[in-house]
Amino acid sequence: MSTLCSVIKFENLQDLRRLCHWGPIIALGVIAICSTMAMIDSVLWYWPLHTTGGSVNFIMLINWTVMILYNYFNAMFAGPGFVPRGWKPENPQDSMYLQYCKVCQAYKAPRSHHCRKCNRCVMKMDHHCPWINNCCGHQNHASFTLFLLLAPLGCTHAAFIFVMTMYTQLYNRLSFGWNTVKIDMSAARRDPPPIVPFGLAAFAATLFALGLALGTTIAVGMLFFIQIKIILRNKTSIESWIEEKAKDRIQYYQLDEVFVFPYDMGSKWKNLKQVFTWSGVPEGDGLEWPIREGCHQYSLTIEQLKQKADKRVRSVRYKVVEDYNGACCPLNRGVRTFFTSPCTEEPRIQLQKGELVLATRGLRYWLYGDKILDDSFIEGKHCPAAGCIMSFDIQFSI
């Protein structure tokens, strides 16, 4: 009992509010539907528990569900790790290489970025994920990636159960004209027949769960591929973007320099061990990082300062010629603008005619940037990875 009390604290109970969000509600709903339907289909209609294979199959389904939920909740409630408020480097001279966060009243440690959703500076921030309603960063990167791996694997197993259940139950009822297809169905014959018949409602529920399982396998599998790709390079999504901008800056000004990412250990195995450890605790304290030979501890932050200064020079000012109410998917801006809305939870900037914006980059119908007020540069609502988002269609003039 004492162990349980040491784990469940007031702060943890406050974090339960993270569940009251559309992301976790949808994610947990998909997990619940797929796992429940897979167990029901398996036990009632496909692979009964009194057989050895059925028992093993049922245990595997439970195992997938437990591991998926464990890593999901660990990524959500353990959190990414935040830079302590008021933090500053031990050597005061190093502060010249760091950006200062006015919200957290602290310097941004190397690889950290301020998340406006969490309202804190996040250690080794990768992105703010709406599906866990939290940031993915230093402390929960491993759990988040394992969730992205286990979810497609579990859904693949569930999808197999769904397909075989429908096939075995409909095999003797419908003729599909598959004369050349011969599958041994002896293992699936039920004697006596199942207590609950496989009716229309069961078929519809199984078909719906199959769609969810296949969709999750494809979507989450792609996210896992993206995450493992940057982990093997010991980067985050934000740092990959910073590196691209560094190369673009060097090419634009034709500088005689080469940007070397300082945290790549030179080996995929070494990079992998920076995130995944046997103890489950990532390497380092989230404030200082091992660097490759020839690099500086603040090489990346120095590059960020250069890009911040360069952004003011290379950014384009636009004058708003039409009002924009900040809608996520504006219906009054045309079909193309509506369907090309960026897939991010970050808020859009509400603009009025005559206001000025500083655009740093953009898509065909959307701009990323900041609002300019009283001839001074004021940061708009954005996370470091996304920037402010504004509907571009017939709104601005240079």
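Things to note:
- Projected label distance in nm at Leu214 and Leu69, using a 7 Å step from Cα toward the beta-carbon: 2.7 nm
- Sum of side-chain charges, Arg85 neighbourhood, beta-carbon under 13 Å (Lys, Arg +1; Asp, Glu -1): +4
- For peptides 258-270, 155-167, 84-96, sequence by mean Cβ density within 10 Å, most packed first: 155-167, 258-270, 84-96
- Val103, Val122, ranked by accessible area, largest first (probe 1.4 Å): Val103, Val122
- Of the residues Met123, Leu149, Val103, the one whose Cα sits farthest toward the positive end of the charge dipole of segment 90-154, with +1 on the Cβ of Lys and Arg and -1 on the Cβ of Asp and Glu, is Val103.
- Once all protein chains are placed together, Ile238 keeps about 0 Å² accessible to a 1.4 angstrom probe.
- Distance between the modelled labels on His50 and Lys306, one decimal in nanometres: 7.4 nm (7 Å Cα→Cβ projection).
- Packing-based ranking, highest mean first, of 218-228, 49-59 given that Cβ atoms within 10 Å are counted: 218-228, 49-59
- Rounded to the nearest 20 debye, dipole of segment 102-166 from Cβ charges on Lys, Arg, Asp, Glu: 480 debye
- Peptide packing for 196-203, 26-33 was compared via the average number of neighbouring C-beta atoms within 10 Å per residue; ordered from the highest value, the list is 26-33, 196-203.
- For segment 44-69 and segment 121-136, distance of Cα centres in Å: 33 Å
- Ser279/Val316 FRET efficiency (R0 56 Å; Cβ-Cβ; nearest 0.05): 0.70
- Extended-chain gain in nm, criterion 0.36 nm per residue less alpha-carbon gap, Tyr100 and Leu207: 33.2 nm
The values are calculated or read from the model by the stated rules, or taken from the named source; none is laboratory data. Everything numeric here is computed off the predicted structure, so don't read it as measured data. Glycine also receives a Cβ, built like all others from the backbone with ideal geometry; neighbour counts cover every protein chain displayed. Only protein heavy atoms, including side chains, enter the accessible area calculation; ligands, DNA and RNA are left aside. Shrake-Rupley method; radii C 1.70, N 1.55, O 1.52, S 1.80 Å.
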